[in-house]
1. Under 5 Å between amide hydrogens, which residues at least 5 positions from residue 215 or on another chain qualify, with H placed 1.01 Å from N in the peptide plane?
2. Under a Cβ-Cβ cut-off of 15 Å, what is the net charge of the residues other than residue 363 that fall near it, where Lys and Arg count +1 and Asp and Glu count -1?
3. Each residue of the range 398-405 in turn: what ³J(HN,Hα) in whole Hz from Karplus with 6.51, -1.76, 1.60 and θ = phi - 60°, glycine and Pro shown as x?
4. Would you work out the charge dipole size for the chain about its Cα centre, treating the Cβ of every Lys and Arg as +1 and the Cβ of every Asp and Glu as -1, and quote it to the nearest 20 debye?
5. Which value, in debye to the nearest 20, gives the size of the charge dipole of the range 129-208 about its Cα centre, when Lys and Arg are +1 and Asp and Glu are -1 at the Cβ?
6. Which residue, chosen from 108, 261, 228, occupies the Cα position most advanced towards the positive end of the dipole of the chain, where the dipole is computed from +1 (Lys, Arg) and -1 (Asp, Glu) charges on Cβ about the Cα centre?
7. First compute the accessible area of the chain with a 1.4 Å probe, then give the percent of it belonging to carbon and sulfur atoms.
8. Tell me the label-point distance for the pair residue 62, residue 266, using the 7 Å Cα-to-Cβ offset, in nm and rounded to one decimal.
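The values are calculated or read from the model by the stated rules, or taken from the named source; none is laboratory data. These numbers come from a predicted model, not from an experiment. Here Cβ is always computed from backbone atoms with ideal geometry, including for glycine, and neighbour counts include all displayed protein chains. Just the protein is used for accessible areas: all its heavy atoms, side chains included, with ligands, DNA and RNA removed. Shrake-Rupley method; radii C 1.70, N 1.55, O 1.52, S 1.80 Å.
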Amino acid sequence: MSVFNVKNYGATGKKADNAKPAIQKAIDACAKAGGGMVYLPPGEYTSGTIHLRSHVRFYIEAGATLFAAEQDSAYETDGLLLGEDVENITIEGRGVMNGQSKYDWRMNVIDDGYIRDNQKAAEAAGVPLMRSFPRGMGQRKIYPHMIKLLRCKDVRIAGISIIDSPSWTIYPYACERLRIDGIYVHTDQKLGVWADGIDPDGCKDVIIANSTIETGDDAIVFYSSAASGGPPRACENITITNCRLSSSSSAIKFCDGNSVAVRNVTIDNVAITHSNRGIAFMVYDGGVVENVVISNIVINTDRFDWFWWGNGDPIYFTVQRRSESLGLPLKPDEPAAGAIRNVIVRNVIAHGKGSCLINGHPDSWLDHVSLENIKLYLSTDPSAAYDRSVNAMQFHYAKNLTVRDVDVIWDKPESTKWQSALYFEDVKGLKLIGFSGRPAKMDSESPSIGFNQVEGATISNSTAQPGTRLFLGVSGDKTQGIYLEGNELHDAQIPFQLSAGTKEGAVKEVNNF
């Protein structure tokens with residue numbers, strides 16, 4: 001393989017010098033020769049936008065650091081390494097890319113509708129509304145991605161460390177056959193707003209493996225959007241495996257920016273640590289999330305400052321229209337509510353500082369969602385004024401729902417607001433199998449399981465734990481076709497109870513003991 005050392009093209013390896021011309025010359029020479037390796041030897045290299053070319057292997061050696069220039073004039077677009085319509089490219093090595101991001105901690109000056117509830121709760125509690133902003137916001141025009149890839153094919157990113165990106169660290173749009181393997185991404189979890197880890201947008205055949213991502217903002221996000229300026233495309237055929245993720249927002253996020261679809265996704269063997277939210281399914285722009293299997297996950301969530309999205313929730317589903325999410329009237333041209341369907345989440349141990357909220361939309365119910373073998377430990381953070389957790393796991397607007405082998409453990413510190421382990425509202429076709437739990441407070445009036453407007457449900461092979469006064473509380477004039485079958489209810493004083501307005505005969509018992 002031909003090697004093109006950037007020092008042979010004028011790079012000095014001194015941070016204060018502009019390495020951009022030398023690096024670009026080396027890349028262009030490599031491409032002209034039909035391909036090869038562009039080599040950054042140990043040293044410090046500062047550059048603005050670098051254009052990648054087809055058949056080029058860009059290698060950052062151990063001891064080499066590529067710094068993103070801090071001046072807007074160094075950039076032709078919002079990317080440090082930029083690939084457009086290229087193929088067969090590699091970005092690898094044991095060196096570092098450093099975005100040199102900087103932030104100011106100051107009083108809030110914006111009204112963000114997505115976190116307005118948190119802001120109001122923080123204000124009511126007397127919490128100063130200080131937050132992080134990117135330095136130069138309002139003056140600086142370009143906050144570059146460390147790697148930006150547009151419509152590229154056969155891409156490999158491996159081994160490198162990428163730190164302190166001013167914006168989404170790796171942003172591929174409409175790329176095909178993208179493999180990211182064994183990298184380290186780090187941005188400040190207290191300050192690093194906008195500094196996501198990896199954000200595939202409208203990409204196909206993506207593998208992210210063996211990597212550690214610790215970020216302010218989201219760690220891995222799937223988009224189907226027009227954020228790049230190109231048309232929205234489906235993001236599909238994605239595998240994530242053997243990674244550790246930490247995020248001030250969501251560790252894994254099926255993004256609200258989904259206009260078409262995110263589909264055919266498998267995620268396995270992932271440890272989520274110190275995250276504001278674990279796994280998030282969010283549909284705001286009319287798109288679809290479908291055919292997703294998430295398995296063998298450990299989740300530990302904490303509560304971060306009020307201005308981050310997330311509330312310590314290990315698992316989160318929501319379908320909204322964009323205006324609804326902002327608390328605004330619907331726009332005439334706004335798409336209908338999107339959809340989430342055919343999703344399996346299984347083999348999860350979660351320690352959460354907030355509830356698991358699994359919500360569809362009145363016009364678009366979750367369809368064929370399964371949660372299986374979930375062990376949820378719920379605690380609270382007394383210093384977080386915006387903890388609104390009530391039920392450990394709450395479902396709303398769902399059909400063909402399976403909840404199997406779920407254990408809820410009420411951990412410490414406790415919240416005085418806690419009530420039921422599981423709560424279901426507006427649900428049709430529920431299989432609840434192998435549940436074990438009790439209400440948050442021993443012998444309280446709250447049921448272990450709450451049903452409101454639930455039609456067609458079977459609770460089987462489940463156990464009422466000691467301290468359960470009422471196992472199943474039932475309400476709603478539409479509630480009907482509920483079967484309690486083969487459950488261990490001897491530790492419950494009352495197996496089930498109908499609220500006023502619920503039809504007699506809505507619940508039937510079969511072989512409980």
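1. 187, 246, 247, 248
2. Details: positive: 321, 322, 341, 399, 428; negative: 285, 324, 334, 367, 426.
Spelling it out: positives minus negatives among the neighbours equals 0.
3. In residue order, the calculated couplings are 9, 9, 6, 9, 10, 10, 10, 6 Hz.
4. Numbers: 51 positive and 60 negative charges, 181 e Å.
So the dipole magnitude of the chain works out to roughly 880 debye.
5. Details: 12 positive and 9 negative charges, 56 e Å.
For the range 129-208, the charge dipole is close to 280 debye.
6. 228
7. Carbon plus sulfur share of accessible area: 48 percent.
8. 3.3 nm
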